[in-house]
Amino acid sequence: MTSLPQEPVDVIVVGSGAAGSNMAARLAEGGKRVLILEAGPERGPGHLVSSTLYARRVKWTGPPVLDEGRNPVGFVFNSAYGTGGAAMHHYAVWPRLHPEDFDMHSRHDRGLDWPLKYTDLAPYYDKVQQEAGVSGDATKEIWRPAGAPYPMPAVPVFPQGDAIARGFTKLGKTVAPLPIAVTSTPYNGRPTCLWDGWCDSGCPIGALANPLTIHLPRAASAGATLVNDAPVTRVLTTDDGTRAVGVEVALKDGSRQTVNAKLVVLAAFAVENPRLLLASATPKHPQGLGNSGGFVGRYIMTHAAGLVYGLFDEETRPYMGAFGGQLVNQDSYPKTTHAKSGAFGSYQWMIAQAVKPNDLLGISTTRPDLFGNALQDFMKRAVRGFAGMTAVCEDLPVADNRVTLTDQRDAHNVPIARVTHTTHDESVALWKASLVEGKEVMQAAGAKEVWTGPAGSMHIMGGTVMGTAVSNSVTNTYGQLHDIRNLVIAGPGLFPTSAGVNPTFTVHAIAARSAEHILATWTQLAG
Amino acid sequence: MLSTSSNRRDFIAGLTFVLAGCEKRMTPAQARAAEVPFRTLEPATVAVLDALGETLLPGSSAAGLAHYIDHQLSGAPADSMLMIKYLGVPAPFNEFYQAGLRASDAVARAAHGKAFPSLSKEQAGGLVGKMSAGQVEGWQGPPAGLFYFVLRSDAIDVVYGTQAGFEQLGVPYMAHIEPPSRWGE
């Protein structure tokens, strides 16, 4: 194991996932001495066994999190523990947010406004998609905001995608290749994907743009150091509370070590970041760091999954392709598309996702009511003619959906987190509307049986939202705490709204923009 | 007894069981055939688990469902591959399983006057159907619907979640990194 440095560093990055590895690479390439502290174990490509069972060992196994409310966020499933964080098992569906996502409150009196516009992020989307490699066809995505074309051609469409596309077409709707950060051609020394559907186990061959493939090697080449099994227990600040000076790390022998830095980046995901801020309270910040406005932990969001399935007579080969899907439809992106159903918000369809026989997202789980001989019969038919698609349904931000600390303590005596989430009524209505549309599509496609699933939770966002002031948020547009500017948040926790698309591409774009700002203002920040 | 060791190499060659003092890599099915002693599951509940498994998915008992669950419960929760870890149940998971198995047996005795393993196929199916709906009169254990879902998932994992299981269904496995040897063979 790499040991912790005794000397101060320039930057400590807490977490080695998408946001942390991106920030670490950029700051190290900018000449800063960067230390990445990862609470979980070391993980390399050799650990990513192609097995739905083994994939579960990549997920969160850190301190327990109480996952509560009427619609829990599914913390264990949606997070991870170890090198690469949750991005190790993400499906790399990388659509952009739309301009209307950024000023939803101003336009619709719902949720929050972002403190930046789409045009502020667009150059960073372009930059990140070039370095990570995204496959797609921008001309066919009629909904796509302005931006550079994708650097790789579209992913292939297999029979499952063809079958469902038929339904969209019959109803006069459009499908386009799913924009996905998976190689459709050799790219920067990486091989083309085999379309074998093992993304959820983590891609060990470098086809999918996870941190092991993209930013951690860059960070290492630029001199950054990654230390595993190094859980941060507190962020340390000056006596006057105006600056972060480092972090306290729990060692395996039970002792603590302080590591000092000129700047601290918290990139430990949407629940652990607010947990750390709250657990780092001081006399100057009695409610936790960055919490003078009372917003730390608030506005936790998760996308409700609109799961729609069909069984076809034809061979669909549902196990082929990427786990994220083959095609996309964003006809329901305008926020008031389903207003007549009492719904508000955007959703997109991820169409024809690769599925395996077992697991939470596997074929067998789509019919949990079946057992015995009926289950056996279903499985034999379904592996031949199954098709599925998932609506990524926007979750309106609700202040009381939040992360708080409990009275229980983890092994390092840090209070464990409770995440409470109950979906807003208009978001529930949106999810229901997606199921209605999805069933129509499957029926139009010719499915002999059509059914739907429960509202699973996808992604976790919010909890440390960005905004214009202490009175409405935790950070500024760069993720800097309003009242401690050298303490920076990175990751989906910054999102003031969840949008109706997958978050990781936007996480990367924000991280790239933040890193650029940090480097440009380093002299002021470093003090 | 079972070893708690279950690192990646174990999965390539099967799980590591300890039989007569010697560590041996075996599939759960092989561990069952060799009558490897259980380490965590109470012997009285193993027969209930086997009978429930057969009701949920025929073939799961021979595939080593009980030995698979016992192995996973005997290791560190961080290494667990059980579906339950996704479902909001705090680790360790042993009591969830034990309580669910005891409750299953108790409702069998209450409804039919005999232990769950002694139920006819129809009687077992009737009770499991009620469990799936979460509506079992007199049930005293973890939520019946959740217990059904967890155990059903485990049975599916040992039967279909392996290379042999994929083969049985005619699904190409296409591994990048090979998982354990063919469980269920």
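Ordering B:Glu42, A:Glu394 by the number of other Cβ atoms within 10 Å of each residue's own Cβ, fewest first, gives B:Glu42, A:Glu394. Across the range A:154-164, computed HN-Hα scalar couplings (Karplus, 6.51 cos²θ - 1.76 cosθ + 1.60, θ = phi - 60°) run 4, 6, x, 10, 9, x, 4, x, 4, 4, 6 Hz from first to last residue, x flagging Gly and Pro. The Cα atoms of the range A:316-463 give a gyration tensor whose axes a ≥ b ≥ c have a/c of 1.5 or more with a/b no greater than b/c, which makes the shape oblate. Ranked by the mean number of other Cβ atoms within 10 Å of their residues, highest first, the peptides A:176-187, B:110-121 fall in the order A:176-187, B:110-121. Taking the DSSP beta bridges with both ends in chain A, the antiparallel portion is around 70 percent. If you take the Cα centroid of the range A:89-155 and the Cα centroid of the range A:290-333, the two points sit 16 Å apart. The mean sequence distance of close C-alpha pairs (under 8 Å, at least 6 residues apart), as a share of the length of the range B:8-169, puts its relative contact order at 22 percent.
Taken about its Cα centre, the range A:325-433 carries a charge dipole of roughly 400 debye when the Cβ of each Lys and Arg holds +1 and the Cβ of each Asp and Glu holds -1.
Per residue, the convex hull spanned by the alpha carbons of the range B:8-169 comes to 114 Å³. For the pair the range A:356-398 and the range A:412-482, the centres of their Cα atoms are 21 angstrom apart. With both labels modelled 7 Å from their Cα along Cα-to-Cβ, the B:Glu122 to A:Asp239 distance reads 8.3 nm.
Between A:Ala399, A:Gly306, A:Gly206, the Cα set farthest toward the positive side of the dipole of the protein assembly as shown (charges on each charged residue's Cβ, about the Cα centre) is that of A:Gly206. Among the residues of B:83-95, the average count of other protein chain beta-carbon atoms within 10 Å of the residue beta-carbon is 4. For peptide A:360-370, the mean count of partner chain Cβ atoms within 10 Å of a residue's Cβ comes to 4. Each stretch of four or more DSSP H residues adds -39500 (n - 2.57); spread over every residue of chain A, this sum gives -7000 deg cm²/dmol at 222 nm.
How high is the relative contact order of the range A:1-70, given as a whole-number percent (alpha carbon pairs under 8 Å, six or more residues apart)? Relative contact order here is 26 percent.
Annotation: peptides A:104-112, A:486-494, ranked by per-residue average of other Cβ atoms within 10 Å with the highest first, follow the order A:486-494, A:104-112. The mean count of C-beta atoms from other chains within 10 Å of the C-beta of residues in B:160-172, rounded to a whole number, is 5.
Using C-alpha pairs under 8 Å with a sequence gap of at least 6, the mean separation divided by the residue count of chain A gives a relative contact order of 23 percent.
Note on B:Arg102 and A:Ala520: their simple-model spin labels are 6.4 nm apart, each label 7 Å out from Cα toward Cβ. With the helix formula -39500 (n - 2.57) applied to DSSP H stretches of n ≥ 4, chain B reaches a computed 222 nm mean residue ellipticity of -15000 deg cm²/dmol.
Read-outs: derived from the displayed coordinates by stated rules, not from any lab. What you are looking at is a predicted structure, and each value in this text was computed from that prediction instead of being measured. For neighbour counting, all protein chains shown are included, and Cβ atoms are generated from backbone atoms with ideal geometry for every residue, glycine included.
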